[in-house]
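The next block holds one structure in the form of structure tokens; read it before the comments.
Every read-out reported here was derived from the displayed coordinates using simple, explicitly stated rules and does not represent laboratory data. Quick caveat, the model's predicted, so the values are computed rather than measured. Here the Cβ positions follow ideal geometry from the backbone for every residue, glycine too, while neighbour counts run over all protein chains shown.
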Amino acid sequence: MADAEKLNQAGKSAPRKVKYRKTKARWHPAMQAIPIPGIRRMVNMAASMKDVIHLSIGQPDLPTPKHIIDAYVDALHAGQTGYTMDAGLPELLVALRDYYSKRYDRKLTRDNILITSGATEAMYLALSATAAPGRQFIVTDPSFLIYAPLIRMNGGEVKFIPTRIENNHQLDPDEVIRAMGSRTFAVVLNSPNNPTGAVYPRSTIETILEECAFRGIQVFSDEVYDHLIFDDQEYASVLKCSVDLDNIMCISSFSKTYSMAGLRVGWVISSQATIKSLRRYHMFTTSVANTPSQFAGVAALTGDQQPTRDMVKIYQERRDKIVELVNQTPHLTGYQPGGAFFTFPELPPHVDGNDLALRMLKETGVCVVPGDAFGETTTNAMRLSFAAPCEKLEEAFDRIIPWMAKQNF
Ligand SMILES: Cc1ncc(COP(=O)(O)O)c(C=O)c1O
């Protein structure tokens, strides 16, 4: 008889040891796809330390514009505390439709859009509704840490395409195309990229989209940093570069553009047929996004855009500062990120970034995220966030530079 059956039959009179095993959680095997976050040890250690400088932050540190906060509070006072329509607040669907139609000069309807609880839910719906055994997803290495687990949880296969520091972490479209085969189901794009800050030029996006359309490969494009673009570069959204939306899911949110990460509103834009299916899944997942936050989103899209332009200027100044500081740091190789608020410098090839980041935290009080949180080939890298003022960046490197100078690699 199997142990579990014995347990059930044994009931209350079972010996202590058996009782303990009965209550032990038995997760679905899919849970094994969720990694134990490498940064956990660091976060725990940082929490027990005084005077820690965090270059590990993955969200904006700049304040949410006042008119957005006001809209959120006004919505609460107006009694907007119930559910919205499952596709999203109608006013927000209209605002997003108008905003994207104008921005990318393409005709969209409300039925092309689904409002979600942040880009995280949008990505969860998109990937977990499509990943399945036998389906291969092309993902960059390094990449934002949720893609690969979401694909693997449902039995999908991840094929990593490396991006390299010597190429400013640009994605080589020919390498992506060469990796495509009969099992390739999808390509996941993320520009500007977390953790590298790389912004892909239009030629990269167009080449990949064209090949995907030809082969019937799905494209998931995570565009949450689409406004945090430096040096007046043009932003190449899949919505601008694709002819139709049949094989495209464009995902974004208010989190980064308007410093609204905690308000949890994102969206998927795709063909009407895709949105119809995702909408059903969304109803059975989170039902709707936060209602007052959706009103805040309408204010964000239709209100003054100057605060976002000001934020981009600030992030760009910080980007310039951190590039300069990384260049002054012994053993660290940097490059110029074109967007978001991250850089991903490298240590010498044989150095374990995890080990080093932990020691650096212990000995200097500066917290960064080790590269292995984002990929398989990036164990000698570290993600540094510049969602921190220039003075903090300088203070952090005043500690890092002399410490790194003492390391014997
Ligand atoms: C690339 C990327 N995609 C998605 C998200 C999640 O965004 P949201 O707050 O909208 O869920 C993040 C957050 O850090 C991110 O960096």
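How many nm separate the modelled label positions at His331 and Ala25, each set 7 Å beyond the Cα in the direction of the Cβ?
Simple spin-label model gives 3.7 nm for this pair.
How about region 357-409: which trypsin sites (Lys or Arg not before Pro) there are in a DSSP loop, with at most 15 other Cβ atoms within 10 Å of their Cβ?
Lys406
Would you mind calculating the gained length between Arg399 and Asp244 on full extension (0.36 nm times residue separation, minus the Cα-Cα distance), in nm to one decimal?
Stretched out fully, the Arg399 to Asp244 stretch lengthens by 50.7 nm.
Under 8 Å for C-alpha pairs, at least 6 residues apart: give me the relative contact order for the chain, rounded to a whole percent.
Dividing the mean separation by the residue count of the chain yields 23 percent.
Let me know the longest stretch in the chain that avoids all GluC sites (Glu not before Pro) found in a DSSP loop with at most 13 other C-beta atoms within 10 Å.
By the stated rule (loop sites, at most 13 other Cβ atoms within 10 Å), 1-233.
Filter the trypsin sites (Lys or Arg not before Pro) in region 166-208 down to the DSSP loop ones having no more than 15 other Cβ atoms within 10 Å, then list what survives.
Arg183
For Met42, what charge total do you get from the other residues with a beta carbon under 15 Å from its beta carbon, if Lys and Arg give +1 and Asp and Glu give -1?
+1
Go through Gly118, Gly266, Leu278 and say which Cα lies farthest out towards the positive end of the charge dipole of region 66-302; charges sit on Cβ, +1 for Lys and Arg, -1 for Asp and Glu.
Checked the options; the winner is Leu278.
Could you order the peptides 327-333, 168-174 from most to least packed, using the average number of other C-beta atoms within 10 Å per residue?
168-174, 327-333
Which of the residue pairs Lys66/Lys276; Lys159/Lys362; Lys102/Lys313; Lys50/Lys256; Lys362/Lys406 have a Cα-Cα distance greater than 25 Å in the structure shown?
Cα-Cα > 25 Å for Lys66/Lys276; Lys159/Lys362; Lys50/Lys256; rest within.
Residues with beta-carbon under 14 Å from that of Ile401, excluding Ile401: net charge, scoring Lys, Arg +1 and Asp, Glu -1?
-2
Could you please tell me the mean projected area of the C-alpha convex hull for the chain, averaged over all directions and given in square nanometres to one decimal?
24.4
Grab the other residues whose beta carbon is less than 15 angstrom from that of Phe341, score K and R as +1, D and E as -1, and report the net.
+1
At a threshold of 8 angstrom on Cα-Cα distance, excluding pairs fewer than six apart, so keeping six or more, what relative contact order does region 80-208 reach in percent?
So the answer I get is 20 percent.
Distance in nm between label sites at Glu324 and Asn167, each 7 Å beyond Cα in the beta-carbon direction?
3.1
Over all directions, the average projected area of the alpha-carbon convex hull for region 66-302 comes to how many nm²?
With every direction weighted equally, the projected area is 12.3 nm².
From the helices alone, meaning DSSP H stretches of at least four residues, give me the mean residue ellipticity at 222 nm for the chain, per-run term -39500 (n - 2.57), in deg cm²/dmol to the nearest 500.
Result for the chain, helices only: -12500 deg cm²/dmol.
How high is the relative contact order of region 66-302, in percent, with contacts defined as C-alpha pairs under 8 Å that are six or more residues apart?
Relative contact order, region 66-302: 30 percent.
Under 17 Å from a point 7 Å along the Cα-to-Cβ line of Lys276: which residues of region 217-260 have their amide N that close?
Backbone N within reach: 245-248.
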